[in-house]
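One structure is given here, and the rest of the page talks about it.
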Amino acid sequence: MNPTTVCLLTLAFAPTPPEIHTDYAAAYHQARDRKLLLVDFESGFDLNRLSPGQLSDYVVCRVPADCEIEFDGETRPLLEFAAFRHLERQPGLAIIDLKHRGRPDVYKQTVSVLPRRHVTTDKVRALLDLPAGTLTQRTLVWALRVHPQRPRSVYGVPDPRLMAHCQRHCQVQCRRNDQHHAASNPGRSEIVAESWPWNKNIVDAAIDIVWSWSCSSGHWSAACRPWRAYGYDMQTNGQKWYATGVFD
C-alpha cells in the first residue's frame, strides 16, 4: 500500500470536528436521546486543543454568558435556570446528559459544570472523559482525576451499589452536620471528608475535599489504590459539603 493510499484511508476514518451550535434549543434537540450536550458560556476554551475524538460523544453549543431563551412564555437568561445554578451565573462549561435515557437520575440533568477559573486543557479533557453519573458523583471523580498524583481508585468500575451507599452516607452526614464513617458499608474500605465552610461552589468544594484526603495517609492510601470497583459522592446541607468514597 503506497503512502498516498494510507493517507487517504487515515483521513476517511478520522473523526470529523464537531459542529459548533449557537442556538441552544437546536443543540438540545440534536443531542436528545443520543449524546451529551456540552454548553460553553464564554469559557474562553479553544476546542481545537482537543482531538475530534474527544468530542465524539457530544453536541457542542457555544452561547454568550448573557444568552436568553424563551420558556413558558417568558424570556430569561439561560444561566438563571436551575440547570446551571452551580455556575453561579458566571462563564464556564456545563454538560447535560441527554444520552442515558435508562438512567432517570442523570437523564436530562446537568451532570458536570466547570467555572471559567478552572478551565484548562487538562481539566476539560478530564471532564469530557468521565463515566456516567450524577453531578455530585462526577464532580468528585473529576477532582480526583485532575489531582497531580492521579489516585487510581477512580479508574476502576463505578459500581451502582457503592455509589448508592456513598450518597446515603453523605446525606446522613449532612443531616447531622458531622463528618463520620458509616457503621457498615458494602465495600472493603471507606473514606469520608468535609469541605471548608467557605467553599460553597461544588467544584471548589470537591477540590478542597480531595486535598483533605491527600493530607491523611490512611484516606489517601485507600483513594490511590487501584480497586476493582468504587463509589464516590458528595452532598451539601448548605453549610458544608460532605463526601464519601467506598471501594471493593
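Things to note:
- Remark: the Cα gyration tensor places the range 80-150 in the oblate category, a/c being 1.5 or greater and a/b not exceeding b/c.
- Beta bridge orientation in the range 69-147: antiparallel %, DSSP, nearest 5: 100
- The Kirkwood radius of the range 104-248, taken over pairs of alpha-carbon atoms, gives through the Stokes-Einstein law at 4 °C and 1.567 mPa s a diffusion coefficient of 87 µm² s⁻¹.
- Rolling a 1.4 Å probe across the protein heavy atoms gives the range 28-93 an accessible surface of 54 Å² per residue.
- Cα-based helix-to-principal-axis angle, 160-176 vs the chain, degrees rounded to 10: 60
- Relative contact order of the chain, pairs being alpha-carbon contacts under 8 Å that are 6 or more residues apart, as %: 17
- Over the range 165-248, volume per residue of the alpha carbon convex hull, in Å³: 81
- Semi-axes of the equivalent ellipsoid for the range 20-101, Cα gyration tensor, largest first, Å: 21, 16, 11
- Between helix 135-145 and the chain there is an angle of about 90 degrees, using the helix long axis and the longest principal axis of the Cα atoms.
- Highest to lowest packing among 54-60, 225-231, scored as the average C-beta count within 10 Å: 225-231, 54-60
- Going by accessible surface with a 1.4 Å probe and the largest first, Thr139, Thr22 read Thr22, Thr139.
- The range 67-106 - Debye-derived log10 I(q)/I(0), Cα point model, q = 0.15 Å⁻¹: -0.47
- Using alpha-carbon coordinates, inclination of helix 3-13 to the longest axis of the chain, degrees: 60
- Convex hull volume of the range 129-198 per residue (C-alpha atoms, cubic angstrom): 117
- Restricting attention to the chain, the count of lysine pairs at 8 or more positions apart or across chains with alpha carbons under 15 Å apart stands at 4.
- Overall shape of the range 39-180 was characterised from the C-alpha gyration tensor. The equivalent ellipsoid obtained from it has semi-axes of 26, 21, 15 Å, in decreasing order.
- For the range 28-58 versus the range 103-181, the spacing of their alpha-carbon centroids is 19 Å.
- Electrostatic bookkeeping for Trp198 treats Lys and Arg as +1 and Asp and Glu as -1; over the other residues with beta carbon under 13 Å from its beta carbon, the sum is -1.
- 20 Å reach of a label modelled at Asp46, 7 Å along Cα-to-Cβ, counting backbone N of the range 114-132: 116-128
- Distance between the modelled labels on Asn177 and Arg103, one decimal in nanometres: 3.3 nm (7 Å Cα→Cβ projection).
- Whole-number Å³ per residue for the convex hull built on Cα positions in the chain: 155
The values are calculated or read from the model by the stated rules, or taken from the named source; none is laboratory data. Here the structure is a predicted model, which is why all the values come from computation and not from measurement. With ideal geometry, Cβ positions are generated from the backbone for all residues, glycine too; neighbour counts draw on all protein chains shown. For the accessible areas, the whole protein counts, side chains as well, though only heavy atoms, and no ligand, DNA or RNA atoms are used. Shrake-Rupley method; radii C 1.70, N 1.55, O 1.52, S 1.80 Å.
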